Each structure stands twice: as structure tokens, then as C-alpha cells.
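Single-structure report; data block below.
Readers should treat all values here as calculations from the given coordinates under stated rules, not as data from a laboratory. As the structure is a computational prediction, the values presented were derived from the model and not from experiment. Reconstructed Cβ throughout: ideal geometry from the backbone, glycine too, with neighbour counts over all protein chains shown.
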Amino acid sequence: MSVLEFTATELLAELTVGNVSATELTRVYLAQIEQNDEAIGAFLNVDAERALTQAKAIDQRRQAGEQLGLLAGLPVAVKDVLCTKGWTTTCGSRMLEQFVPPYDATVINKLKAADAVLIGKTNMDEFAMGGSTENSAFKKTHNPWGLDRTPGGSSGGAAACVAASMAPLSVGTDTGGSIRQPAAFCGVTGMKPTYGRVSRYGLVAFASSFDQAGPLAMAAEDVALLLEAIAGHDPVDSTSANVPTPSYTASVREPIKGLRLGVAREHFGDGLDGGVDSAVREAIKVFESQGAIVREVSLPHSKYAIATYYIIAPCEASSNLARYDGVHYGYRTDEKEMLAELAEERKTLEEAGDRAKLEAMDTSLVRMYRKTRSEAFGPEVKRRVMLGSYALSAGYYDAYYLKALKVRRLIREDYDAAFKDVDLIIGPTTATPAFKLGEMNEDPLSMYLQDLYTVSANLAGIAAISLPCGITGEGLPVGLQLQAAPFEEEKLLRAAHMFQQATDWHTKRPR
Amino acid sequence: MSDKPYEIIIGLEVHVQLQTQSKLFCRCSTMFGQAPNTQTCPVCIGMPGALPVMNRRAFELGLKTAVALNLDIPKFTKWDRKNYFYPDLPKGYQISQFDLPMSQNGWLDISDPKGGFEPKRVRITRAHLEDDAGKSMHDEAAGKSDSRIDLNRTGTPLLEIVSEPDLRSPQEAKAYLTELRLLLTYLGVSDCNMQEGSLRVDGNLNLHINTPEGQVATPIAEVKNMNSFRAVERAMAYEAERQYEVWCENKIKLGDSPGGHKTTRGWDDGRQVTVKQREKEESSDYRYFPDPDLLPVIVKPDEVEQVRAELGELPAAMRTRLETTHGIDPYDSDVIVNQGRELVAYYEELATSTRDGRRASNWVQQDVLRTLNEQETSISEFSISATALAELLKSIQAGDVDNTRAKDVFDEMVRSGMSAGDAMAALGIEKVDESEAEGLCRELLEANPKVVEDLKAGKTKAVGSLIGQAKKRNPNVNPGQFKDMCLKIVEGM
């Protein structure tokens, strides 16, 4: 049996007893990346030397008998949206292609403090906007279960690298489903923690009131391990919750007696793929066989979730992305070319005697902004910046942004009511298994519907996990979503672990 | 003004830098005058992923000011993003407060002891906190069009204080600013240094013109770039005249289309004119929305009361108290209070120990302030303590020295650092013995029968020539006492 089949939790035990060193383990994964990533395209940046240096240092400290951190030598892949000091952080965008942050995100600091080996930065939709990772400015990521399929997005690289055994653990971010949908598509376990559970400091913002970093791994136990390493209050993130972080690794193996599961009718509507439907219903039966009580719950406002999300998130994005203006860092249009272009325009207008147009001409500053942003943002980013700018404009604010905020509260209230009666809400993560690359290129609205079942958790700020619960006739994994009340990650992990004790879907690997 | 057929309407927006150690949303220093871009961090230069954390101290200073300006403090206030593009705004938005500011509906009383205008209460619409932008420096040297940006100032806490359009003249505008600056100085919330940009003023002005068809309003102009209160006064006066001339010419009213919209003008101090500024089309809609990176601030009523209790005595109350306690008039209390808390303390010590508030006031205003000006120093560094000066004033009261010679003593004290007594001795000033004075008096009366005659006829002024002669004989003769003595002797003749 290859180490690649071990879960992170198992690998940690091997590292601890000395059956394998961090260096050896890192080499194994680097070799795996070397061998497979050309076909998969999960990574944007792998720094073998950096990883091996870290691994060696950890091994030396272990040999010296030093107390090591929680992840003591485990390789971890990081979505390229988390700032890494001295190491390019692109967000999948031309805008930040050359951007080297002068600081580490809090999540990165915590990973380093936990003695993780940072093995590489993973591919993503540009600024985390998308559901297929096809919006990356640099490359496509292929689903290890079918190379013509998308791995999902925006954390497509993060999910694919775990599925293809190129990293035992990876950190993604989830704004509307960007951890859970790729986890479902790639047959791995991925969690979006409660908003505020994991620090956003150094997580390049897409939509600040939604963004949340979280773990992806093979099994719930591993997710517990990684979450424990990265969670916790952070004084430099005002929205980070000042609540104690439980030891997830200590509790994950405790089954929940009399688990109360809620099934929302709204999660089994039109458009749900038959294979997904039956796999999820089977999964519910597994829980019932373990003593879970299943009852119906209602989330009446969930039908507005997509519309609400696609107002608020672009509003925040339009402002968050204003800083990419070519002035202080990141991409800037070619100035000489820009000035020549302006001079040419001026000349033409002067010759034509068009005074009105001459007066309305861009200043060089405005033209620099215009060209920089036109050239370095991809179409989806532009679409959302425009949507958000429009919705926040004078005269539209109340009808769009303010109304969306009100609906957002109603969605949260639906959950508050539901969680009075049940511990967890169970349902599909996505309506379909992984779709084909290019399938939705011309149809942004269908792409937005990818978030149908996931986005409510972000609107409500609650915690949710996706875990594999079946394989369709086409041989593609199916994701089961469990949602929990805020700061109830323990319940999610314990329930997911219960399920993974009774089934082996999480151990299935693509060929 | 009354001779002009219009009324001037002015509202002022004042931006005050709060005196904190660190910036509003990060821990960078706010110190002025450091090398460009040395006081920056990922947060204040808007690096990807960096997040703001509110500086509690800045909020407290804002709260203190708001309470002192009689503003209501809502229990709930939040932060909003004001979105616009400019190179010195690295985040692409300013963190400000839009619809739920930290304070609203207050006032500041202003008056002019010289009677230039009637005392009035200027309403204050709101005061809210926001972060400052950086500084753009345009290098316009030959052939260059480079701009340089210094982000040291970016993120410095600002309190924006917006008045209602209650001011009716450039003089009132200046008085409002002077009183506001004094209050801020008393509170210790800002150094109010206009040269360093820690106090900035924008003025909104238009006219209400009386016409046979009734009153009409001219389009509002916002005037920026005024670097002193004097500049504000002049700019407002200029702008009023300009608007009247323009109106006489084109008759465009506020709200007319085209031409009736608000415009932005800059004060050109060199040419003493306001100049129309280029309108930023992209800045017309700031797309305000609540900043999702920051939590709303909850202010408890007892917190506000605590701040109120700790404000200390403010200028308006202090003036009234000096007038009632020490018997000085509003003009004098104004001069003294306007000099700041330390001078007031000096004055009060002097007034209390000499029990003569007016004399103390005269000495402080004339001699002390004059000396401070000459020495370019402040009262805290002044070499003559209130106790030392009180000794001199007591000597005047005792008749040991007359007021005129006391000025010489004061100068000697300033020059040598001596006490009043020592300075008087050094100048040979000593009280003239009563019998000696009487002898001199009789002698001079005998020698001047004409004067005696005049005095008997009630012409008391005649004694003046005798005082002159007496002073020549003995410079220490106290003129008041000498006069009294002469009159007494003549009466007994």
C-alpha cells in the first residue's frame, strides 16, 4: 500500500513514530505532482526547494526532540488567494501575476506554526469568481475523475490536488460554495467553516461578508485536523469571532447519538440529477441505520438565495477590487503605448475640430485606470464589478443592495428556526456531478446556479461540509452536504466521520 | 453688508486630524514630516487581503469632540465605504460614515466682543470619523508630468465637522473657525495646525438676493484650498461678490439647468481669487455601502456621560466665569480665554492673589502678552511666574510704586529674572516716607501761590505742575498720593 492511500491523520501517525520523515513524504508528493499535474493542472506554483527546506527543518527539530505543531511535517497545498510572504500570490489573475506579498495571511502563519510543509499554490477562478476554475487567467484544471470535466471552482485546484493524491491536505476558500462544490466534484471532503471561525487576514477579498477559508482532505478526520490548525480568533480581523476553538481532532471520532437530521424540500427540486438524488437518499438511509432521526425542515427563502447572493457579493467585490488600479502594485498598462494612443486620439479630434469630444477625453490617469483594468481583469471579474457598481449606484441602492440585505436576514432566520428542531440539515452539495469543461462558457447564469445549494450557508454565515456519498453511472463522485448552526463545526465533523465509518466512498480514488 | 441687496449664506466643512499615536485602522505612526512612505503597512496602503481594525483611541477623541459640540451621540454607528478612484487613495475607497454618523445635531455659539455681529448659535449637522487619503505631489518641472505619492498620511484619523448654512458673513465664518479651533485645542484632540494640514476647511457659499420678484438663491459653490482663517474670510468675501456679479450678468438661480448645480472652486491665495476646479465626473456617485470588514460601534449612554463628565471647563463657560468671578468685561475675558488654558490659569492666579481682576487682566493682556510675543515663547515657558508678578501688582496697590514705574520694574524683572522687590531696589525705587512727602508738598505749595489759588477755586488740575516738579526732586514720589496730600493741605489752609 502506497503512502498516497493514507489519510493525513494516518500519515501524521507514521511521521510521529518515525516510519516516514517529512522530507520523504514531501518528496513523494512532489514526485506525484511532477508526474500528474501536467494533466491535472491543479497547481499554479510549486516550490520544491522551499517545501524541502521546510520539511528538513521539521525533521531536524523532531530528531532534536522538540515539540512539533499539530501538522508536524504534513504537506499542505494552499489556494493562491492566501497571501504568502515572498511567494507570488496571483489570485488566478493577470492583475496579480507578479505580485509578491510582503506578509503572510494569518492562515499561512498558523500553518507554519503548526509545522505544515507548504507544497504549492493551487489554481482557482480569477479572484475566486466562478464554479469551474476555467476563469483562471493561467490554466485550466482538469477533474482527476475525468480529464474532460471541470474540478468545480473556485477552489478547483485545491480539490483536484487532493483527489489526485498530490497533497494530503489543502486549504481553499468558500464565498458561495467554492470549497464544497469542488469537493463534491472531485470526491473529497471539504468544509466551509462558520463566518468568523477562520481569520480572513491575508485572504485576498472577493466578497468580504462571505469569504471563508477552510480545509479540503480525503476524510472528515483530516478536515478536523486542518481546521484545528487554522481556526481561531484573530485580533487583526475585526470580523473574526472571539469564541474558543474546540479540539476537533479530539471529538471527531465521537458518534452523535440520536442525531437529528433535517431534510429541506427545497434541496430536492427540479434540476436535481437522478444519480445525485439517489446517492443522497441512500446516504440519509445510512444515517438512519446509525440511529439518526430524519425530519423535514423548511427553508422557504432559499429560492431567493442565488439572486440575493449575486447582488451582495458583486457589490462588495466591486469595491474590494477597486484597489487594483495599476498605481501601487500589480499590473499596469504599458504607459508609453497609452500616452501615444492618447496623443493620437487628440490629434485626430483636433484635426476634425471635434471640441466636445476633445473636452471629454480621458486624462492620462483615467486612461491608465481604464486600460489597466480592461487588460488585466477577465470577463467574469468585469461582469461582477459592473453588476456591483450598478447595484450600488445612486437610485438603485435601495432596490438592490438594501433589499438583498433584508432577504439575507430572512434566509438566516430560516436557518435559525430550522436548527431549533434539528442538529444538521442534509442534502446534495450540487444538483449535478462535474460538468464538462467549456460546457457553460457562454452561459454565466447556469454557472451561477452551481451555487444553488451551497450559497445559503454563506448568506447565513453558517458552517457546512461536503463529503463523497456515491459515484454516478458515469463514474463521477457525488457530494453530500451537511449544514450546521454557527460554530457547530464539531457536529459536522462527527456526523461526517460517522458516515465515513459506515461507508467507503471517501476512500475511492480516480484511476 | 446691509448696503448690498443680498444675504450671504455660508456653511463650513472642517476636517480635523485627531491627535492619536497611530492611524485609524492600523498601527502605523501618524507623525508629521517623516520621509515619504516610511509610515505605511499592508493595511493603510491597501494591500490585497489586508484588513482594518478600528483604533479605539481615535473613536474616543471623536466622541469627546462631538460631546463638546453638543452633538447627539446615537447608540449605534457604522462604517461605510466611499468609493472613488484616485492615486492617493490606495484602497479605491475611503472608510467614512454615511447615513449613521457617530454624532449629529449639535451647535457652537459664536460672538464678537467688538460687536461686529450679533452673538449666534451655529447649528452643527454632524461630525463623523473617516480615514485620510495620502498626498499627491505633482512634479511640474520642465518637461515632466510625474506625480509622486506619499502614503504616510493615508489612514490618519479625521473628524469631519459639518455646519448648517447658518453663517451670514465672512467675519462670522472666521469667528466660527476661531471658536472651533479654540475648543479643539482646549479638548486636546488636535493640534489644529493648518500648515501641516491637521485642520482643513471647505466653505459652501451662495447668496439670497432680494429682487422685486422676491428672494432668489444663487448656485452653491464649494470653495477649497484655503490655508488660513484669513484666507477663508477673504475667499468667502471674494466669492460672495463674484456670485453677485455673475448673477447680475446671467440671472442663473440655484437648481436651474444648465448652470444651477453646485460647483467646486479653489482659492488662489496669490491672486486672491477663487478658480473653478475641474469636475471629476467619476466622483459624482460614491456608491456608499457599509464596510463589511468592520463591525458597527455600539456607544453606551453611560460612556457618553463619562466623556461629558471628563470634558473639563470649555471656553464659553470659562469666559462667563472670568467675567462674574473677576469682574472683567467680555472683551477681556475673550482675549484671555482665547490664549488657552495655561494663560487662563496664570491670569486666575494673578487675579485671585491680588484680588483685582481688572488690574490683573490689564497686565496680562498688555505686558505679559507683549513680552510673550517679543520672546516668541509661551506662557508655560515664561520667566515671571504669576506669584512673582502678583508681588509687583501688590506693590502698586500698596502705593510703593506707581503704575508707570511698575512697567520699568516689570521690564527689569524680565531682563534680570529678579523678584519685584529686588528689581525695585535695583532701580532705586522705594516708598517715600510720609513726612518727607508732606514736607516736599508744603515746600512746593509755598513756592507756587498761584497753584494754591487755583486749587482753592476748585481747579484740581493745577496740581499737575506740582507733581512734575516733585518727580524731578524725587522720582519715587507717588503721583496719586502726592495729589491727595496737596489737596488735603490746601483744604486746611
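Points worth noting:
- Between the helical axis of B:229-250 and the longest alpha-carbon principal axis of chain B there is an angle of about 60 degrees.
- Averaged over the residues of B:50-57, the number of partner chain Cβ atoms lying within 10 Å of the residue Cβ comes to 4.
- Here the spin labels are modelled as points 7 Å beyond Cα on the Cα-Cβ line, and at B:LYS251 and A:GLU442 they lie 6.1 nm apart.
- Within the shell of other residues whose beta carbon sits under 15 angstrom from the beta carbon of B:GLY417, the net charge comes to -4, with Lys and Arg scored +1 and Asp and Glu -1.
- Cβ-derived FRET efficiency at R0 25 Å, B:ASP3 paired with B:ASP269, nearest 0.05: 0.35
- Low-density loop positions, GluC sites (Glu not before Pro), segment A:27-104 - DSSP coil, at most 13 other Cβ in 10 Å: A:GLU66
- Simple Cβ-charge dipole of chain A, Lys/Arg +1 and Asp/Glu -1, about Cα centre, in debye nearest 20: 660 debye
- Exceeding the 22 Å Cα-Cα cut-off - candidates A:LYS121/A:LYS508; B:LYS120/B:LYS262; A:LYS257/A:LYS303; A:LYS406/B:LYS78: A:LYS121/A:LYS508; B:LYS120/B:LYS262; A:LYS257/A:LYS303
- Hz values of 3J(HN,Hα) by residue in segment A:126-143 - Karplus curve (6.51, -1.76, 1.60), Gly and Pro given as x: 3, 6, 6, 9, x, x, 8, 6, 6, 7, 5, 6, 10, 6, 8, 10, 9, 6
- Inter-label distance for A:LYS336 and B:ASP302, nm, one decimal - labels placed 7 Å from Cα along Cα-to-Cβ: 6.9 nm
- Across the protein assembly as shown, Cα-Cα distances exceeding 48 Å account for 44% of all pairs.
- Computed [θ] at 222 nm, deg cm²/dmol, chain A (DSSP H ≥ 4; -39,500 (n - 2.57); rounded to nearest 500): -12500 deg cm²/dmol
- Distant alpha-carbon pairs in segment A:306-383 (separation over 21 angstrom), percent: 45 percent
- Estimated at 0.36 nm per residue, the fully extended path between B:ALA425 and B:PHE117 surpasses their Cα-Cα distance by 106.0 nm.
- 3J(HN,Hα) from dihedral phi, segment B:462-470, Karplus parametrisation 6.51/-1.76/1.60, rounded to Hz, x for glycine, proline: 4, 5, x, 5, 5, 4, x, 5, 4
- Antiparallel %, DSSP beta bridges [both residues in chain A], to 5: 65 percent
- For chain A, alpha-carbon Rg and Dmax in angstrom: 23.1, 84
- Close amide H contacts of B:SER147 (hydrogens built in the peptide plane, cut-off under 5 Å, sequence separation of 5 or more or a different chain): B:ASP139.
- Scaled radius of gyration (Cα, divided by 2.2 N^0.38 Å) that segment A:110-198 gives: 1.02
- Note on segment B:434-491: Cα-Cα pairs beyond 13 Å make up 52% of the total pair count.
- Cut-off 17 Å, label 7 Å out along Cα→Cβ of A:GLN60, residues of segment A:108-134 by amide N: A:115-118
- Rounded to whole Å, sorted largest first: equivalent-ellipsoid semi-axes of segment B:363-493, Cα gyration tensor: 36, 14, 11
- C-alpha long axis of helix A:489-502 to longest principal axis of chain A, angle in °: 60 degrees
- Ranked by how many other beta carbons lie within 10 Å on average, peptides A:269-282, B:396-409 from highest: B:396-409, A:269-282
- The alpha carbon centroids of segment A:421-458 and segment A:1-41 are separated by 31 Å.
- For the protein assembly as shown, the Cβ-based charge dipole about the Cα centre amounts to some 700 debye (Lys, Arg positive; Asp, Glu negative; other atoms uncharged).
- Zone of B:SER383's modelled label, taken as backbone nitrogen in segment B:408-434 under 16 Å from a point 7 Å along Cα→Cβ: B:408-424, B:426-427
- Under 5 Å between amide hydrogens, built in the peptide plane, is the criterion, and for A:GLY470 it picks out A:VAL478 among residues at least 5 positions away or on other chains.
- Per-residue mean of foreign Cβ neighbours for B:85-92 is 6 (Cβ atoms of other chains, 10 Å radius).
- Dimensionless Rg/Rh of segment A:361-511 - Kirkwood Rh, Rg from C-alpha atoms: 1.09
- For chain B, radius of gyration divided by Kirkwood radius, i.e. Rg to Rh on alpha-carbons: 1.12
- What the Cβ-Cβ distance of A:SER251 and B:GLU213 gives, at R0 = 60 Å and to the nearest 0.05, is a FRET efficiency of 0.15.
- Using only Cα coordinates, the Kirkwood hydrodynamic radius of segment B:311-426 works out to 14.3 Å.
- FRET efficiency, 1/(1 + (r/R0)^6) with R0 35 Å, evaluated for B:PHE98 and A:ALA113 via beta carbons: 0.35
- Computed over segment B:145-240, the quotient of the alpha carbon radius of gyration and 2.2 N^0.38 Å is 1.32.
- Between 0 and 90°, nearest 10: helix B:56-68 axis offset from chain B longest Cα axis: 60 degrees
- Residues with amide H under 5 Å from that of A:ARG260, placed H, sequence gap 5 or more: A:ILE293, A:ASP423, A:LEU424
- At full extension, A:GLU38 and A:ARG370 could sit 116.0 nm farther apart than now, given 0.36 nm per residue minus the alpha carbon distance.
- Beta bridges by DSSP in the protein assembly as shown, antiparallel share as percent, to the nearest 5: 80 percent
- Rg/Rh for segment B:169-293, where both radii come from Cα atoms and Rh is the Kirkwood radius: 1.04
- If the Kirkwood radius is taken over C-alpha pairs of segment B:28-167, then at 4 °C and 1.567 mPa s the Stokes-Einstein diffusion coefficient equals 75 µm²/s.
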